[in-house]
Amino acid sequence: MHLKYFPFILGMALLLPGLATAADPEERLVKLRYEENYSPTWEETIGMFRLLDEAYKEAVLVEAGMTDCGKPLHTFIISSDRTFDPAKVKASGKTVLLVNNGIHPGEPEGIDASLLFAGDLLRNHQNMGRWLEEVVVVIIPVYNIGGALNRSAYNRSGQATPYETGFRGNAANLDLNRDFTKCDSENARSFTQIFHQWDPDVFLDTHTTNGSDHQYCITLIPPHPDQYPPALSRFLDREMLPALYTGMKQGEYELIPYVDWFYEDARSGIVGTFESPRYSIGYSGLFHSLGMITENLIYKPFPDRVKSVYQFLTLLTGYTAENGKKIRELREEALRETMEAREFPLSWRLDSTSWQMIEFKGYEMDEQQVSAVTGVARKGYDRSRPYTDSIRYYNKYVPAESVPVPDYYVVPQAWKPVLERMALNRIQHTKLLRDTVIRVTVDYIEDLKGAVRPYNGHYYHDSFTTRSEVQEIRFYAGDWLVPVRQKGMRYIIEMLEPKANDSFFRWNFYDSVLDQREYFSPYGFEENALRTLTELPELKKELEKRRSADPAFAASHNAQMAFIYNNSPWFEKSWRRYPVGRIFSSQP
Ligand SMILES: [Zn+2]
C-alpha cells in the first residue's frame, strides 16, 4: 500500500525538509482505513512509519532488538532537534514519552492512532509541533509481532470490528502483558533494553477490553498513586489524573477509569486497578515512570475507538510537554523518597471503607433478554436504556504486608537466569572478589502448595509461607553483592523478596532449592546416627523422652532414625532455603 506514495514523498522530502514538509498541510501521509474497520498489518504499519521516516528529518524508524518470531522490533522516534540517541536526548533535558502498541494485537486501536498522531505531530497539524520543543516521543509500532502476523477474522469472538486482527499470544504463545519481569520472550528482553535506554518519564500501553458494557469508548488504567512515593503520588492524584479526565471531557470522547466488572451493574461501584510488576505499567512504576493503559471498549465502533486513542495521545503529549520539567523533577524526588524508606510493601489490599463518588454513564442491566442463538434468557445490558448516575469509585490501596529494607542482597551466581534479568535491568552490583562467609538473613520456604496447571509457561507459586533465620553462609568469588539503595531499588526488592507478587521465586527461577538432594537410609545411617547421639546428649535425651511418650514411635526404627536425622547436623540446611541473603547493617 505504501509503495504507491513512495516516489512522491521522497521527492517532497528532498525539496522541503523539516516540519512543514507536506505541500498541503492538511494532506496526511499515512493512509489509514479505520473508517472501513480495517487496521493495518504489521508490514503495512512498518511501511507507513518508514514513509514518515523518509519524509521528515525529525523522525527515524529504527530496529530495536529481536522478537520471538525472528522479526525485529522497531521504535519510531520523533525528536525535533534530530537527536535520536537516547543518552543525548536525556542529557539535553527533554521529557520522554514512550508509547507501546499491539501487545495484544487483537486490540489494535493504538497502532492506527499512533500512525495518525505521529503524522500530525510531524506535519505540525494545529501547531502540535510546539510540544516537540519539550518532548521526545518514542513509539513501538507493534510490540507483539508474532501475534500480529497470526492474523485472522476469527481471533476476537466478542469483537465485531476491525474485521481482521492479530492473535493475543506471541510466537511462543506467551501473553506479553504478563512477561515484563520474568522476561521469557525475546520481545520482553528487547523491551527492557528500550525501556532503560529511554527511561521514559511517561509511558502509555494501549489495549481493548470486553466485559462490562457502558457508554464510554475509552477507559484508563492510570498509574496508581498508591504505587508511587509521596511526591509523585500527590502529583498524580491532585494534578495529572484530574487534568487527563477533564481534558478528555472537553473533547469528543470522555474518559472514565477502567471498569472491571463483568456483567454487573456499575452502580454497585467500580474498583481501581492495581497492576503488579508482571504487567506493563506495574513494571514501569518500579522505575518511577508514569505508566498508564488505555482500554477501549470492544462494543464501540472501531473508528471511534481509534479516534478516542488519538484524542488521548494528543492530550497526554500536550500535558507531558507543559509539565515535563516538573514530572522529571518529581521523579528524582520520588527516587530519593524511595531510597529513604525503611520498610517496603510487598502486597496491597483495597480499602473498602474509602471511595469517591464519580459520574458514570452506564446501561441498565437486562437479565431477561432472550438470546436469538439459544432461545434462552441472556444476562447483559440494554443499550436502549442509558443512564447517568453517581457511583462509588474504590481506589485506595493500603499495604497488606511489608518487609524491612536490607542494605544489600547477596545473589549467588549459580542461578544465571536471575543475574541475566538483573543485568538487563541495569542493576548496579559488585562481585565478591573471593569466597566469603557472610552473616545473612535467609528465608525458608514452607507450606508450599503447588500449582495444578501451568500459567504463562510457569507453575507460579501462589501459596507458601516463609520463615527467616540468620545464618553464616559461604558465598563464592563472583557472586553478586547488590546495594539496595539505587535507581532500581523497587525492582530489586520486588524481584528478590520471595513473597513479592512477581518475584523470581514465584515464577520458578529458584525451584531447584525445593528438592531435597541428600537424605538418609534407615539402614545405612546406623553408625553415623549412633555417633551423633553420643556427640549430642541433648538430642539423645529428646529421643528418649519421645520414645517413652509415644509407643508407636518407640516401636518404629524408621521414625526414630528420621527424628535423629531431621534434628541433627545431618539435616540438609539448604533444603527449601531461598538462596538470596540479606545484609542489614543494623538488625531490623
Ligand atoms: Zn489487552
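Taken together, the values in this text are just the output of simple stated rules run on the coordinates, not laboratory data. Keep in mind the model is a prediction, meaning the values are calculated, not measured. Cβ placement follows ideal geometry from the backbone for every residue including glycine, while neighbour counts extend to all protein chains displayed.
Here are the numbers for the structure shown:
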| item | result |
| --- | --- |
| Rounded if a/c under 1.5, otherwise prolate or oblate - the range 2-340, Cα gyration tensor axes | rounded |
| 15 Å beta-carbon shell around residue 544, net charge (K/R +1, D/E -1) | +2 |
| Calculated from backbone phi, Karplus (6.51, -1.76, 1.60) coupling profile of the range 156-167 in Hz, x at Gly/Pro | 10, 5, x, 10, 7, 9, x, 5, 10, 9, x, 10 |
| Relative contact order %, the range 108-215, counting alpha carbon pairs below 8 Å whose residues are six or more apart | 24 |
| Length-normalised contact order of the chain in % [C-alpha pairs under 8 Å, at least 6 apart] | 12 |
| Long-range amide H partners of residue 204 with built H, under 5 Å | 98, 99, 100, 292 |
| 14 Å beta-carbon shell around residue 133, net charge (K/R +1, D/E -1) | 0 |
| Degrees between helix 42-55 axis and first principal axis of the chain (Cα, 0 to 90, nearest 10) | 60 |
| Hz values of 3J(HN,Hα) by residue in the range 404-409 - Karplus curve (6.51, -1.76, 1.60), Gly and Pro given as x | x, 7, x, 7, 9, 10 |
| Restraint check, 31/249; 416/573; 71/431; 71/361; 71/307; 249/325, Cα-Cα greater than 31 Å | 71/431; 71/361 |
| Anisotropy class of the range 482-532 from Cα gyration tensor, a/c 1.5 cut | prolate |
| The range 526-566 shape via C-alpha gyration tensor axes, a/c threshold 1.5 | oblate |
| For residue 65, residues with placed amide H under 5 Å, excluding near neighbours | 73 |
| Acute angle (nearest 10 degrees) that the helix 526-535 long axis makes with the longest principal axis of the chain, alpha-carbon atoms | 80 |
| Net charge over other residues, Cβ less than 11 angstrom from the Cβ of residue 245 (K, R count +1; D, E count -1) | -1 |
| Relative contact order for the range 2-340, counting Cα pairs under 8 Å that sit 6 or more residues apart, in percent | 20 |
| 339, 495, 128 arranged by Cβ crowding within 10 Å, fewest neighbours leading | 339, 128, 495 |
